[in-house]
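One structure is given here, and the rest of the page talks about it.
The values are calculated or read from the model by the stated rules, or taken from the named source; none is laboratory data. Quantities reported herein were computed from a predicted structural model and do not represent experimental measurements. Every residue, glycine as well, gets a Cβ built from its backbone with ideal geometry; the counts of neighbours run over all protein chains shown.
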Amino acid sequence: MLQTPIEKMKEIIRNREEEWIALRRDVHHYPETGWFEMRTSAIIHEQLSALGYTVLTGSQAVAPEARMGVPDKDALAAHAREVELQEGTPLAYLTEEMREGLTGVIGILDCGPGPVVCLRFDIDALPMTERSDSGHRPAREGFASVCTGRMHACGHDAHVAIGLGVARVLSELREYLHGTVRLIFQPAEEGARGARAVAAREHVDDADYFIGSHVAPADDLDDGDVTAGTWGSLATSKLDVTLTGEAAHAGGYPERGRNALLAAASAVLALHAIPRHSGGQSRVNVGTLHAGGGRNVIPDRAFLQVEVRGETTEINAYMETQARKICEGAAMMQGCTCEIVLAGQAEGQHSDPELIRRIAEVTARDLPELKLSSEQNARNWGSEDISVFMNRVQAHGGLATYMRMVTPMAGGQHTVSFDMDEKVIGRGVAVFSAAVLDLMKGNDK
């Protein structure tokens, strides 16, 4: 008896699942933060090329001028040298533009006339040092991060594995597909820095369907294996604020100084006192403040990392405007100057009910071994720059959804103890692949 496309898909997943788990562990072992994802991008480039995809990297994948929070050239060069020495780096696919911080990869599978389906997988790690004791499974089993100060603590290593798993399945089942698949391996999601640079290259402007997902812990809303849609990610702006004054001897000539630390302290207090918006939730936080060099010196420089958030893009804009005014005013009070750099930004987000229903129906029909969450359009948490893609697709008439793949977790996301049940990788490949097969089936039933 001939196999159906879904049966073939499941056979591929059974045969390849351990390979994808090993890939996740390799990426976890060598984590890379935003715009440093050189080794990760090279691996993705290599695998997509081997599968017959048209591959875009560097300035074809991201618009250099649209990047936010880009590291300095010396840091990028130092990381490139580190990557060259790491075991398993496919040097032939480590392009010069990747070495310069133009990371991220687009894989395109052209299957003739039909809809354009875009899938997004984020690939960056966090600036954290992972646990190294035997109570932590990655450490115990030998795949914990070997990079001090860098860790996959949010599950993006699994996203890489899921994305490349989907690439494998779709390449082997392309005879059943009608249209174009675009796989977006996005850099610099943490800090909401990367999506805008990819979107600026118009990779999603013609998308009929856009699907993304995130691994997530089980809770009252995510009580199954798959949640087909989410809504409500807070819009956010990340601000790097530099206050510059003039140093002076604190005992001898204090009147000659212009105190950047005092300006920063005034700004911090005022920022946390911004009146909240009556139209919805709002947030503000000063995450870091660095200033001063000695107890007897008037500090001439202060640096703050500030973020604001809003339930809607409009509320976030209000919070950002107020934050900018406060920082500039605090600087003026102390005779200092103020430079504010937008280091990251995301928008509000909602999933389209029509696409949520379709994915839920496909999952129930073709993947009955998976349980759908009882709430299929769950409220999101935090902020996510996938919103940039989703809003752009929806503005051009396409449908978008942001799913959650539910898995047991050891330690919360963004903690040094984070780990997950790796069975989520095969499940994620199955949901994405089944959805694409349905959306691109053309006349095939």
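Look at segment 336-351: where a residue is in contact (Cβ under 8 Å) with a residue 24 or more places away in the chain and a partner is of a type in the set (K, R) and part of a strand (DSSP E or B), sitting 6+ places away or on another chain with Cβ atoms under 6 Å, you get C336/R258; A343/K238; G344/K238.
Keeping to segment 390-445, report how many residues are among the aromatic types (F, W, Y) and within 21 Å of R357 (Cα to Cα). Residues meeting the conditions: 2. Can we say E32 is acidic (D, E), surrounded by 20 or more Cβ atoms within 10 Å (Cβ to Cβ), touching a helix residue (DSSP H, G or I) at 6+ places or on another chain (Cβ under 8 Å) and within 30 Å of L342 (Cβ to Cβ)? Yes. Those residues that are of a type in the set (S, T, N, Q), over 26 Å from G411 (Cα atoms) and in contact with a helix residue (DSSP H, G or I) (Cβ under 6 Å, 6 or more places away or on another chain), I need them from segment 205-243; list them, please. The one that is of a type in the set (S, T, N, Q), over 26 Å from G411 (Cα atoms) and in contact with a helix residue (DSSP H, G or I) (Cβ under 6 Å, 6 or more places away or on another chain): S237.
When residues in segment 75-124 are screened for being more than 13 Å from M38 (Cβ to Cβ), of a type outside the set (G, A, S) and more than 21 Å from the chain's Cα centre (by Cα), 7 of them pass. Considering segment 121-137, the residues that are out of contact with any Phe, Trp or Tyr (no Cβ under 6 Å at 6 or more places or on another chain), of a type outside the set (D, E) and outside any loop (DSSP other than H, G, I, E, B) include one that is surrounded by the most Cβ atoms within 10 Å (Cβ to Cβ), namely L126.
Whether a residue is outside the structural domain of R67 (by TED's automatic domain parsing) and on the phi > 0 side of the Ramachandran plot was assessed, and G335 passes this test. Pairs linking a residue in segment 73-93 that is surrounded by fewer than 13 Cβ atoms within 10 Å (Cβ to Cβ) to a residue that is part of a helix (DSSP H, G or I), with Cβ atoms under 7 Å and 6 or more positions apart or on different chains, are G88/D26; L91/E84. Entry remark, segment 138-185: residues being surrounded by fewer than 22 Cβ atoms within 10 Å (Cβ to Cβ) and touching a Cys at 6+ places or on another chain (Cβ under 9 Å) number 6 in total. Of all residues in segment 240-263 being charged (D, E, K, R) and part of a strand (DSSP E or B), which is surrounded by the most Cβ atoms within 10 Å (Cβ to Cβ)? Ranking the qualifying residues of segment 240-263, first place goes to R258. Picking from residues in segment 366-385 that are aliphatic (A, V, I, L, M) and touching a Ser or Thr at 6+ places or on another chain (Cβ under 7 Å), the one that is surrounded by the most Cβ atoms within 10 Å (Cβ to Cβ) is A378. For segment 319-365, give me the residue count where each residue is surrounded by fewer than 18 Cβ atoms within 10 Å (Cβ to Cβ), among the basic types (K, R) and more than 19 Å from L119 (Cβ to Cβ). Counting residues in segment 319-365 that are surrounded by fewer than 18 Cβ atoms within 10 Å (Cβ to Cβ), among the basic types (K, R) and more than 19 Å from L119 (Cβ to Cβ) gives 2.
Being in contact with a Ser or Thr (Cβ under 6 Å, 6 or more places away or on another chain), among the hydrophobic types (A, V, I, L, M, F, W, C) and closer than 19 Å to A264 by Cβ holds for only one residue in V297, V308, V284, and it is V308. The residue list S237, S213, S233, S266 contains one member that is of a type in the set (S, T, N, Q), crowded, with 18+ Cβ neighbours inside 10 Å, assigned to a loop (DSSP other than H, G, I, E, B) and in contact (Cβ under 8 Å) with a residue 12 or more places away in the chain, which is S233.
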